[in-house]
Amino acid sequence: QTGLIKQRLLASTVLASDETSMRVGKRTFWTWVFHHADSACFLIRPSRGKAVVREFLGEVRPAVWISDRLGAQRGWASREHQVCLAHLLRDVQYAIDAGDAGFAPGMKHLLQ
């Protein structure tokens with residue numbers, strides 16, 4: 001089933017990714033997710049680097065890639081990169097909470 005899901009993801013024109021840390025024993029590993037509308041694949045790797053994305057994609061380059069601003073997740077799209085709106089909203093809220101009353105509230109309204 002994993003192979004079928006991966007094939008479905010790689011056939012899509014839009015692909016999103018994210019990663020988060022997790023502990024495996026006493027070491028930090030990374031749980032990666034590659035997903036689109038109704039499918040997702042998870043990889044657990046000891047790296048947060050581009051090698052994980054390269055391993056998943058192989059030679060495939062989706063037209064549009066959606067991710068946060070982590071360097072390992074940039075540069076994979078053949079046409080466009082969309083920054084994850086949930087990550088942007090989180091960062092804007094952080095700015096509001098830190099006292100930004102000028103730019104961040106308007107940006108939050110725009111993103112919502």
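The values are calculated or read from the model by the stated rules, or taken from the named source; none is laboratory data. Everything quoted here is computed from the prediction, not taken from an experiment. Positions of Cβ are backbone-derived with ideal geometry, glycine not excepted, and every protein chain shown enters the neighbour counts. These accessible areas exclude ligands, DNA and RNA; they are computed on the full protein's heavy atoms, side chains included. Shrake-Rupley method; radii C 1.70, N 1.55, O 1.52, S 1.80 Å.
Name the residue that is farthest from Val33 (Cα to Cα), counting only residues in segment 59-90 that are of a type in the set (D, E, K, R) and at pLDDT 95 or above. Working first, answer last.
First, pick out the residues of segment 59-90 that are of a type in the set (D, E, K, R): 59, 61, 68-69, 74, 79-80, 90.
Checking which are at pLDDT 95 or above leaves us with 59, 61, 79-80.
Numbers: Glu59: 18, Arg61: 16, Arg79: 21, Glu80: 19 Å.
Checking each candidate, the answer is Arg79.
Could you give every pair whose Cβ atoms fall below 6 Å, whose first residue belongs to segment 24-39 and is in contact (Cβ under 8 Å) with a residue 24 or more places away in the chain, and whose second residue is among the aliphatic types (A, V, I, L, M) and open to solvent by 70 Å² or more (accessible area, probe 1.4 Å), counting only separations of at least 6 or pairs across chains?
none
Name the residue, out of Val14, Val52, that is under 17 Å from the mean Cα position of the chain (by Cα), in contact (Cβ under 8 Å) with a residue 24 or more places away in the chain and more than 18 Å from Gln82 (Cα to Cα).
Working: Val14 fails: more than 18 Å from Gln82 (Cα to Cα).
None of the others qualify; the one that does is Val52.
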